[in-house]
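Quick notes on the structure that follows.
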Amino acid sequence: MYCAERQRPLVEKRRDKIQHQGLTWEVDEFFGENQGLVIAEVELESEQQQISWPPWIGDEVTYDQRYFNANLVQHPYRQW
């Protein structure tokens, strides 16, 4: 069965990688229904790893389920 819904991106975003003090930050800029949302993430070696936050980092949203891609499909950022 062909489903056109699966052909379009459900979450439109562009990912850039930015180096900051030896770490690679992945920064996602969202478009479409999530226009205006920008999320940055970094992979750490452990939860105890100490890092220096870049000056452009905002609030910590790791555990906020609203920011999960699956939830952004159902409840886009522009509707918050």
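The values are calculated or read from the model by the stated rules, or taken from the named source; none is laboratory data. Every value quoted in this text rests on a predicted model; they were computed, and no experiment measured them. Note that we place each Cβ from the backbone using ideal geometry, even for glycine, and neighbour counts take in every protein chain shown.
Here are a few things to note about the model shown:
- Within the stretch 23-42, tally of residues that are in a loop (DSSP other than H, G, I, E, B) and either in contact with a strand residue (DSSP E or B) (Cβ under 7 Å, 6 or more places away or on another chain) or at pLDDT below 95 (or both): 2
- Test set (1) at pLDDT below 95; (2) surrounded by 12 or more Cβ atoms within 10 Å (Cβ to Cβ); (3) among the β-branched types (V, I, T); (4) under 12 Å from the mean Cα position of the chain (by Cα) - V73 fails condition number: (4)
- When restricted to residues that are among the β-branched types (V, I, T), under 27 Å from P76 (Cα atoms) and in contact (Cβ under 8 Å) with a residue 12 or more places away in the chain, the stretch 25-58 contains 4.
- Subset of the stretch 58-70 that is of a type outside the set (F, W, Y), at pLDDT 95 or above and in a helix (DSSP H, G or I) - its residue that is surrounded by the fewest Cβ atoms within 10 Å (Cβ to Cβ): Q65
- Check on N71, within 25 Å of L10 (Cα to Cα) and touching a Pro at 6+ places or on another chain (Cβ under 6 Å): no
- Which numbered condition Q50 fails, given (1) in a loop (DSSP other than H, G, I, E, B); (2) modelled with pLDDT of 95 or more; (3) not hydrophobic (A, V, I, L, M, F, W, C): (2)
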